[in-house]
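A.B. asks: The structure's right below; bear with me while I get my questions together.
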Amino acid sequence: MKIVLATGNKGKLREFKAMCEAEVMAFSEILGEMEIIEDADTFKGNALIKARTIYEKLADENYIVISDDSGISVSLLGGEPGIYSARYAGVGASDKENLYKLIDALKEKGVERTPAYYTAAIAIVSKYGEYVVHGWMHGDVIAGTKGEKGFGYDPMFIPSGYDKTLGELDDEVKKAISHRGQALELAKPIIEMLQR
Ligand code: IMP
């Protein structure tokens with residue numbers, strides 16, 4: 001069974017490839033680029049849409065498709081951007097535009113630092129059925145950026161128990177504590193079972 005990732009996000013791909021012991025490839029290596037409409041109202045729903053769409057397009061029972069739908073939620077902003085994290089500054093917005101929109105939203109509220117958390121839903125679709133697992137990472141967002149590491153909102157996110165942003169912390173630290181890392185730990189035994 002071959003593992004295919006249903007994501008085109010370069011930051012996520014890099015992290016998945018670093019975290020998975022098994023060989024994984026991006027769906028675009030087989031199917032080319034494709035736009036998937038994610039119109040569910042939960043991370044879980046959108047993760048399933050992505051994994052199902054790619055599994056159906058591959059039309060081959062030898063594939064296990066894994067997707068990740070994730071985002072950041074700021075309590076002070078009523079949970080925004082949440083499932084809209086990838087398009088917070090508008091459809092097609094870059095990671096930088098989304099990051100600065102969130103910084104502006106914090107400045108408008110007059111806060112320098114406030115609690116936030118990342119969520120990741122990982123969906124696994126194969127001929128044996130569908131599974132979804134979740135992971136979370138809590139911390140604070142700041143109204144500015146520090147560091148260049150990671151991707152997306154990482155330069156403004158300080159994980160609980162640390163005094164640096166994910167833009168400053170090593171990749172290994174993020175790997176150990178991240179929402180994606182937590183969800184993948186739960187997904188691993190499922191993937192191993194499906195490969196037997
Ligand atoms: P998705 O590809 O529709 O799941 O969008 C996820 C969006 O959430 C990304 O574009 C990022 O803006 C944000 N995001 C998710 N995970 C992370 C992370 O680990 N670091 C920084 N931003 C993230």
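Nothing in this text is a laboratory measurement; each read-out follows from the coordinates by a stated rule. For clarity, every value in this text was computed on a predicted model and none was experimentally measured. Backbone-built Cβ (ideal geometry, glycine too); neighbour counts: all protein chains shown.
A.B. asks: Could you work out the relative contact order of segment 147-196? I mean the mean sequence separation of Cα pairs under 8 Å and 6+ apart, divided by the number of residues, in percent.
C.D. replies: 26 percent
A.B. asks: Give, in nm to one decimal, the length gained when the segment between Lys109 and Leu186 is fully stretched (0.36 nm per residue of separation minus the Cα-Cα distance). Can you show the working numbers first?
C.D. replies: On the way: separation 77, 0.36 × 77 = 27.72 nm, distance 3.66 nm.
Value of the extension gain: 24.1 nm.
A.B. asks: Once the Cα atoms of the chain are picked out, what are the Rg and Dmax in Å?
C.D. replies: Every Cα atom of the chain included, Rg and Dmax give 16.6, 54 Å.
A.B. asks: What does the highest-first list of 168-179, 61-72, 28-39 look like by mean Cβ count within 10 Å? Present the calculation step by step, with values, prior to reporting the outcome.
C.D. replies: Working: 168-179: 16.6, 61-72: 22.8, 28-39: 11.7.
Result, highest mean first: 61-72, 168-179, 28-39.
A.B. asks: Sticking with this one: Just list whichever of Lys44/Lys127; Lys44/Lys101; Lys50/Lys146; Lys57/Lys146; Lys96/Lys127 have alpha carbons separated by over 30 Å in the model shown.
C.D. replies: Lys50/Lys146; Lys57/Lys146; Lys96/Lys127
A.B. asks: State, to one decimal in nm, how far the label point of Trp136 lies from the label point of Lys10, with both points 7 Å from Cα in the Cβ direction.
C.D. replies: Placing both labels 7 Å beyond Cα along the Cβ direction yields 3.2 nm.
A.B. asks: Please name which of Gly161, Ile72, Leu184 has its Cα lying farthest along the dipole of segment 2-195 towards the positive end, using unit charges on Cβ (Lys, Arg +1; Asp, Glu -1) and the Cα centre as origin.
C.D. replies: Gly161
A.B. asks: Give me the Kirkwood hydrodynamic radius of segment 4-84 in Å, from all C-alpha pairs, to one decimal place? All intermediate terms of the calculation are to be shown ahead of the outcome.
C.D. replies: Values: mean 1/r = 0.0734 Å⁻¹.
Computed over segment 4-84, the radius equals 13.6 Å.
A.B. asks: How much length is gained on full extension from Ile30 to Ser94, taking 0.36 nm per residue of separation minus their Cα-Cα distance?
C.D. replies: 20.6 nm
A.B. asks: For the chain, what is the charge dipole size about the Cα centre, in debye to the nearest 20, if Lys and Arg each add +1 at the Cβ and Asp and Glu each add -1 at the Cβ?
C.D. replies: 120 debye
A.B. asks: If the only charges are +1 at each Lys and Arg Cβ and -1 at each Asp and Glu Cβ, what is the size of the charge dipole of segment 101-196 around the Cα centre, to the nearest 20 debye? Intermediate values should be presented prior to the final figure.
C.D. replies: Values: 13 positive and 14 negative charges, 51 e Å.
That gives segment 101-196 a dipole magnitude of about 240 debye.
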